[in-house]
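Comments concern the structure below.
Read the figures in this text as sums done on the coordinates, not as results from a lab. Every value quoted in this text rests on a predicted model; they were computed, and no experiment measured them. Heads up, the Cβs are rebuilt from the backbone with ideal geometry, glycines too, and the neighbour counts pull from every protein chain shown.
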Amino acid sequence: MNINSVMIAAPSSNSGKTTVAVGIMLALKNLGYNVQPFKVGPDYIDPGFHTYVTGNKSRNLDTVMGNNDIIKEIFIKNSTGKDISIVEGVMGLFDGKSVNSIKGSSFEISLLLNIPVILVIDISAMARSATAIIHGFKNIDKRINLKGVILNRAGSDYHCRIVKEAIEKINKVKVLGCIKNNNDLKINSRHLGLIPFIEDKLNNNYFDKLNETINKSIDLNEIIKISKNKGNIKIKKMKIYNYISENKVKIGIAYNKAFNFYYEENLDLLKKYGAEIIYFDPIRDEKLPDVDGIYIGGGFPEVYASELSENKSMLSDIKNKIENYMPVFAECGGYMYLCSNINYNKKTYNMVNSIPANVYMDRLTIGYKTVESNDNNYLLKNNYKIKGHEFHYSILEYIKENNKPYKLNGKTDGYAYKNMIAGYVHMYFPSNQKIPENFVKKCYEYKYNRKNII
């Protein structure tokens, strides 16, 4: 299958590729193109911006958590019917899980999916030296399909012109545009990266400026031409999107400014096995909706701990549902929310109190994990394994001994109580579809038992 696509990559993080990628998506959408966004790696924040400007759900492409067939299926399924797919890279183009391989890198995705690469370079402190960067990227691996360069954070029109002339003369690579330094286009950030769009909604004026800048600074017609590559992507059989069951249960998904880190494929797989997704807001809603189980994902509960703690009726309702055996799956921020309290900025905020632990801000923990069962629970049966990713800035101090349901790379982790299972790791359901299937089955069992009790 041929898919019109480009990858917006960079030599390193903080080169401005997210702003440029979002800007290109927005500009093409405003020109009438149906744009499908993707993000390389386990990122949740950048996809939020992608989704907002395109109107299409951004999807993650991660070859560490998902195998090649999974990545191809996600790419093909979601690109079908769209005019162009734009993939934002992660870190530097060649950066991945290991310094000794391309595994997990944007470059690996570009090869796997036959996507031409456009490199965003921050030239704020260089001129002709930019040619050395392009030379290195062209020659470190001859398989690279480098089709263009976008210069970012230039000081002036003259700065743009001299760097463009040098790159095109020496490297024989076309410069597709040059964006001058503009603090008005900067997206705010904090301890885990950019502030998610749902929290720090940029006003229309910001996107108007971004759209104007991209149209003025970048050759969008050339990007469209580059996207029409002739690479053919083949897949043997669909395994994620091969069917959708009739609704058997309702699963509540915590979604608001405090909790918004979810892989779209995780939600798709819950639907596949019979779940109707019902969103609820742990800050604004007084109690849970009528559901048969809940899934509380990651986010920044520490930042909104005051508002979360003030909603005592929701805290009480969740705790009561857990005591009455409602299936609850929580990860990272959701794990923190279910604890006794969160300590943030020298203040203590009461949380659900179903997990006897105190949460403290400490240090960054990040990395891919292999998750396996530690106690043969309903979610992870004996010998089950699933891939995941850990990304948090907090630690838990348990008040008493707990039942740890997981092993993460051999070390026990998480907390299990009745039908609640929680831990720091963000599980990637496509890597083991038995996990979402088991969760839906448990929710159905709870629904059936509750109905018969009533």
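The peptide list 253-260, 415-422, put in order of mean Cβ contacts within 10 Å with the highest first, becomes 253-260, 415-422. Between Asn402 and Met361, full extension at 0.36 nm per residue minus the direct alpha carbon distance yields a gain of 12.7 nm.
When the C-alpha to C-alpha distance is required to be over 25 Å, the pairs from Lys239/Lys271; Lys39/Lys234; Lys385/Lys442; Lys164/Lys216; Lys97/Lys346; Lys29/Lys147 that qualify are Lys97/Lys346. In this structure, the amide hydrogen of Asn341, modeled 1.01 Å from its nitrogen in the peptide plane, lies closer than 5 angstrom to those of Met351, Ala357, Val359, counting only residues at least 5 positions away or on a different chain.
When each of the peptides 399-412, 269-282 is scored by the mean number of other C-beta atoms lying within 10 Å of its residues, the order from highest to lowest reads 269-282, 399-412. Put simply, when 369-375, 439-445, 307-313 are sorted by average Cβ atoms within 10 angstrom per residue, most first, you get 439-445, 369-375, 307-313. For the range 345-417, the relative contact order works out to 34 percent when only alpha carbon pairs closer than 8 Å and six or more residues apart are counted. Model label sites at Lys228 and Glu307, defined 7 Å from Cα along the beta-carbon direction, differ in position by 4.6 nm. The Cα-based radius of gyration and maximum Cα-Cα distance (Dmax) for the range 31-92 are 11.3, 35 Å. Quick check: from the Cα gyration tensor, does the range 5-227 come out rounded (a/c under 1.5), prolate or oblate? Rounded, because the longest to shortest axis ratio a/c is under 1.5. Couplings for the range 264-270, taken from phi via the Karplus curve 6.51 cos²θ - 1.76 cosθ + 1.60 with θ = phi - 60°, read 4, 5, 4, 5, 4, 6, 4 Hz in order; Gly and Pro are left as x.
Sorted from longest to shortest, the spans of the Cα atoms of the chain along the three principal axes equal 75, 52, 42 Å.
Helices in the chain, meaning DSSP H runs of at least 4 residues, each add -39500 (n - 2.57). Divided by all residues, the mean residue ellipticity at 222 nm is -9500 deg cm²/dmol.
Listed by chain and number, the aspartates and glutamates whose C-alpha is less than 20 Å from the C-alpha of Lys404, apart from same-chain residues fewer than 8 away, are Glu323, Glu331, Glu372, Asp375, Glu390, Asp413. Close amide-amide hydrogen proximity is noted between Ala10 and Leu93, Val120, each under 5 Å apart and 5 or more residues distant or on a separate chain (H modeled in the peptide plane; Pro and chain starts excluded). For the range 176-186, backbone phi angles converted through the Karplus equation (6.51, -1.76, 1.60; θ = phi - 60°) give residue-by-residue couplings of 8, x, 9, 10, 7, 4, 8, 5, 5, 9, 6 Hz, Gly and Pro being listed as x. For helix 434-453, what angle does its Cα long axis make with the longest principal axis of the chain, in degrees from 0 to 90 and rounded to 10? Once rounded, the angle reads 30 degrees. Placing unit charges on the Cβ atoms of the charged side chains and taking the dipole of the range 249-453 about its Cα centre, the candidate lying farthest along the positive direction among Leu380, Leu308, Ser394 is Leu380. The per residue volume of the convex hull around the alpha-carbon atoms of the range 249-453 is 106 Å³. Would any residue of the range 28-68 have its amide N under 16 Å from a label point 7 Å out along Cα→Cβ of Ser101? List them or say none. So the set is 62-68.
The relative contact order of the range 253-363 comes to 25 percent, based on Cα pairs under 8 Å that sit 6 or more residues apart. Amide H contacts of Ile278: Ile251, Gly252, Ile253, each under 5 Å away and 5 or more positions distant or on a separate chain (H built 1.01 Å from N in the peptide plane; Pro and chain starts excluded). In plain terms, the chain from Tyr279 to Ser245 could stretch by 10.3 nm, reckoned as 0.36 nm per residue minus the Cα-Cα distance.
Can you give the FRET efficiency for Asp69 and Tyr206, using 1/(1 + (r/R0)^6), R0 = 45 Å, r = Cβ-Cβ distance, to the nearest 0.05? Here the calculated transfer efficiency is 0.70.
Relative contact order of the chain: 13 percent, from C-alpha pairs under 8 Å at least 6 residues apart in sequence. If the segment from Asp375 to Asn14 were pulled out straight at 0.36 nm per residue, it would be longer than the present Cα-Cα gap by 125.8 nm.
Between the range 252-283 and the range 215-238, how many Å separate their Cα centres? After rounding, the separation between the Cα centres reads 31 Å. The angle between the Cα long axis of helix 312-323 and the main principal axis of the chain comes to about 70°, on a 0 to 90 degree scale. Residue by residue, the range 98-112 carries 3J(HN,Hα) couplings of 10, 6, 9, 8, 9, 4, x, 8, 4, 4, 4, 5, 4, 6, 4 Hz when phi is fed to the Karplus relation 6.51 cos²θ - 1.76 cosθ + 1.60 (θ = phi - 60°); x denotes Gly or Pro.
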